C-alpha cells in the first residue's frame, strides 16, 4: 500500500522499475552437468543481496542473471534508495535436493508462492536497504526457493518517509542459483523504482488583507517509466481550505508542451481542484525525460478561519479512483492571518467604553501621519476603510496578514469627546482572532466645559455687595436732587 510522505519535497518511489533479476528465467537456464565438481555443495554459505536504485532515464543495459555487477560504469549515475524494507521467505514444500522439485520451482507462479508462504515459511527474514541501497540476507540461509517481497517503503537517510507508488513486484529466486552451468551461491538482484517528487509552496507576498489574492504552486515530477511498465493515469489534486475562493488554475510543464482539454483537463467541484491528464497527455509524460509539472492555483482570501489557511497537494499515479489513502501528499502549505481589535474608552477608565469612534489603519507611519492611503478590508463582502467602535467600545478589523504592522488613527471621536490625534502601531499575530482580545487601546477626553454662574459662597457675597452698592448709590443720587430742588424754591 502506498504511504503518505509529510515533506515539502515528498520523495515518491514509483514501482515502475522491474526487478533486474529475471526471476523464473533463471530457472530455465541450463543446469550444470552432472560432473562432481558441478554438483551443488550444500555446505557452501548462501546469500541474497538486493541493490535498490532509482529507475534511470536510460536503461543501463546490464545483464540481470543474479551475478554481481562488478563494472563500476554499469552503475554509474544510479541513485540508491535508502530504507526500503524487503522480506525474504522460503517457499515450503520445495526440496532442492530432489530433481523433481527443481522442475516444480521453475514452473511455480509467483502467486502460488505467495499462497504457500501465507500459511508459514520455514525461513523468513526482513531487512532494510542501507545508504548505498544495499541489503544482504546471509543469516544461515538454507538451500531452497525464496519469495522476495518489498514490504515497506521505509525512510530515506534524512528520516523522511519514502513514498512507494508501486512496490517492486514479488519475485522468486533459488539459492543456489543456476547460471550458465554454474551455481551462484551469492546472488545479486538490482530492482529499481522510478522516483518522483511532489511539493507545494504558497506565495502570499502581495496579500495583506481580506480580499487579496494568494498563489499556491504545486510541482510534481513525472517518474521515468521503464519499458515494461506504462503510465495509465497521472492526477494532481488540491482541496482548497475553507476561506479560499478559486480565481484561476494554470498548468505548465518543462520538456513537453501541454494543451488544456487535449492533454489534460481541470475539474473543479466545490473546493476540490483536480488536474487530470488525458491519454494524449499521458503519452507525452511517459515519453519525456525529466518532465516536471507545475500547477499554479490563485485564490482570494475571503475568510481566515482560525488564522491558518493551509492545505496539501495530492498526487495519484495509476490510480484514477483517487482515494486519499493512496495519495502522495505534501506537507501543508500555510498562509497565516490574524485580526485587529481597537478599544475606545473615556479618560483613564477602560471600563467606560465609547461607541461611535471611527478609525482607519495604514501600512506605514508616513501614510498614517499624512492620513493618506488608508487600508481597505473586505468585510461581509464589502470593501471598507473605516472601522467604528460598537457598544462594547471595540472596532474590529477581521482579516490582516500575520507579521504585517499597521498604524491606527482615530478619524472621528464620539460626540462630546475630543479627537485623539496620536498614531499607534500593532503587528498582527498569527491566530489572534478573538474580537475581545484588545490590541490597541485609545482614550478620549470630554470637550472643555463653559464657565457657568454659581450660587453660594464667594459668589453670593459678591452679588450682595454689588447690590448694596447700587442701592447706596441710588439713595445718594436722590438726596442730592432733593437738596438742589429745595434751594431753588427758597
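Here are some residues: 449, 457, 403, 416. Which one is exposed (fewer than 12 other Cβ atoms within 10 Å of the Cβ), modelled with pLDDT of 65 or more and on the phi > 0 side of the Ramachandran plot?
Values: 449 fails: on the phi > 0 side of the Ramachandran plot; 457 fails: modelled with pLDDT of 65 or more; 403 fails: exposed (fewer than 12 other Cβ atoms within 10 Å of the Cβ).
When all the criteria are applied, what remains is 416.
Is it the case that some residue within region 275-284 is outside any loop (DSSP other than H, G, I, E, B), buried (at least 16 other Cβ atoms within 10 Å of the Cβ), touching a residue at least 12 places away in the same chain (Cβ under 8 Å) and touching a helix residue (DSSP H, G or I) at 6+ places or on another chain (Cβ under 6 Å)? Walk me through how you get there before you give the answer.
So in region 275-284, the residues outside any loop (DSSP other than H, G, I, E, B) come out as 275-277, 279-284.
Subsequent filtering for residues that are buried (at least 16 other Cβ atoms within 10 Å of the Cβ) retains 275-277, 281-282, 284.
Cutting the leftovers down to touching a residue at least 12 places away in the same chain (Cβ under 8 Å) gives us 275-277, 281-282, 284.
Subsequent filtering for residues that are touching a helix residue (DSSP H, G or I) at 6+ places or on another chain (Cβ under 6 Å) retains none.
Looking for residues that are outside any loop (DSSP other than H, G, I, E, B), buried (at least 16 other Cβ atoms within 10 Å of the Cβ), touching a residue at least 12 places away in the same chain (Cβ under 8 Å) and touching a helix residue (DSSP H, G or I) at 6+ places or on another chain (Cβ under 6 Å), one finds none in region 275-284, hence no.
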From the residues in region 151-173 that are more than 29 Å from the chain's Cα centre (by Cα) and not in a loop (DSSP other than H, G, I, E, B), which one is farthest from residue 92 (Cα to Cα)?
171
Restricting attention to region 262-271, report how many residues are touching a strand residue (DSSP E or B) at 6+ places or on another chain (Cβ under 9 Å) and either crowded, with 18+ Cβ neighbours inside 10 Å or touching a residue at least 12 places away in the same chain (Cβ under 8 Å) (or both).
6
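For residue 411, indicate whether it is farther than 23 Å from residue 336 by Cβ and touching a strand residue (DSSP E or B) at 6+ places or on another chain (Cβ under 8 Å). Lay out the reasoning, then the answer.
Values: farther than 23 Å from residue 336 by Cβ: yes; touching a strand residue (DSSP E or B) at 6+ places or on another chain (Cβ under 8 Å): yes.
Judged against the criteria, residue 411 is a match.
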Considering only residues that are in a loop (DSSP other than H, G, I, E, B) and without any contact (Cβ under 8 Å) to a residue 60 or more places away in the chain, look in region 231-261 and name the one that is nearest to the chain's Cα centre (by Cα).
254
Determine which single condition residue 331 fails, assuming it passes every other condition in (1) crowded, with 20+ Cβ neighbours inside 10 Å; (2) in a loop (DSSP other than H, G, I, E, B); (3) under 14 Å from the mean Cα position of the chain (by Cα).
(1)
If I filter region 312-326 for residues that are under 30 Å from residue 383 (Cβ atoms), in contact with a strand residue (DSSP E or B) (Cβ under 7 Å, 6 or more places away or on another chain) and surrounded by fewer than 21 Cβ atoms within 10 Å (Cβ to Cβ), do I get at least one hit?
no
Looking only at region 122-140, count every residue that is buried (at least 19 other Cβ atoms within 10 Å of the Cβ) and either at pLDDT 95 or above or within 19 Å of residue 184 (Cβ to Cβ) (or both) and tell me the total.
3
Give region 336-384 a look and list any residue that's under 22 Å from residue 245 (Cα atoms) and either part of a loop (DSSP other than H, G, I, E, B) or in contact (Cβ under 8 Å) with a residue 12 or more places away in the chain (or both), or say none.
336, 337, 338, 339, 375, 376, 377, 378, 379, 380, 381, 383
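The values are calculated or read from the model by the stated rules, or taken from the named source; none is laboratory data. Quick caveat, the model's predicted, so the values are computed rather than measured. A quick note on method: Cβ atoms are made from the backbone with ideal geometry, for glycine too, and the neighbour counts reach across all protein chains shown.
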